[in-house]
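Here's the structure, in structure tokens; my notes come after.
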Amino acid sequence: MPYLTNSIKDTESEPDSELKPSDEEMHQTILARCTKKRYTHQTTLIKAGSSAEAIYYVEQGFAYLFHYSEKKLVVPFIAREGYWITDKRSFYGSPGNDADISSESIVVAQGSVLHTLRRESYLRLIRTRTDIELNIQKKRADVSEEERNILILLQSASAHEKIKWLLHAFPGIAAVVTHKVLAAYLSMTEYTFSRKLKEI
């Protein structure tokens, strides 16, 4: 599908949607600036305390954010197929200031396939494509709303319900991400997670 319609002679009679790139076309434009890699081993992509110089699109598998709070593992986000992941404050912040330092580490699960978009490539893209920048801002807001809804769901669910939801939302994740990480994501102990998982 072309970026714009092939003909512009009858543009006044065409709906606006025919003149605007679709979400999929914008997505492919972004991916064209990425590098693709399959990770044969669990790999740390970003370490807390460093600068998030890239954002990652999960084509297959999983990646997750984590940090420690008072020596307790905290996993605020897991990205599955079709999602982007980075330390947002660091990646979207201004290089050289405190906000540029990542507060999260990012790990990709074994067997995952990710596309990497470097920050300099992202900045070059949005300088020339404000439509893509606006679309990214909208998608970020949508994901933030989804994260809030998930948090509300998990707060009111039993341990059994949380694990059933996880296995449905993230098929195959229990085979490639440790129980310790998944338990932290669901706000339960590793012992409870492992015990309840055996009951499902």
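The values are calculated or read from the model by the stated rules, or taken from the named source; none is laboratory data. This is a predicted model, so every value here is computed, not measured. Please note: Cβ atoms are built from the backbone with ideal geometry, for glycine as well, and neighbour counts cover all protein chains shown.
Would it be correct to say that residue 140 is farther than 19 Å from residue 83 by Cβ and part of a helix (DSSP H, G or I)?
Details: farther than 19 Å from residue 83 by Cβ: no; part of a helix (DSSP H, G or I): yes.
The answer is no for residue 140.
Of the residues making up the stretch 115-133, those that are surrounded by 12 or more Cβ atoms within 10 Å (Cβ to Cβ) and of a type outside the set (D, E, K, R) are 115, 116, 117, 121, 122, 125, 126, 132. If you filter the stretch 3-56 down to residues that are part of a loop (DSSP other than H, G, I, E, B), of a type in the set (S, T, N, Q) and modelled with pLDDT of 95 or more, you find that the one that is surrounded by the fewest Cβ atoms within 10 Å (Cβ to Cβ) is 40.
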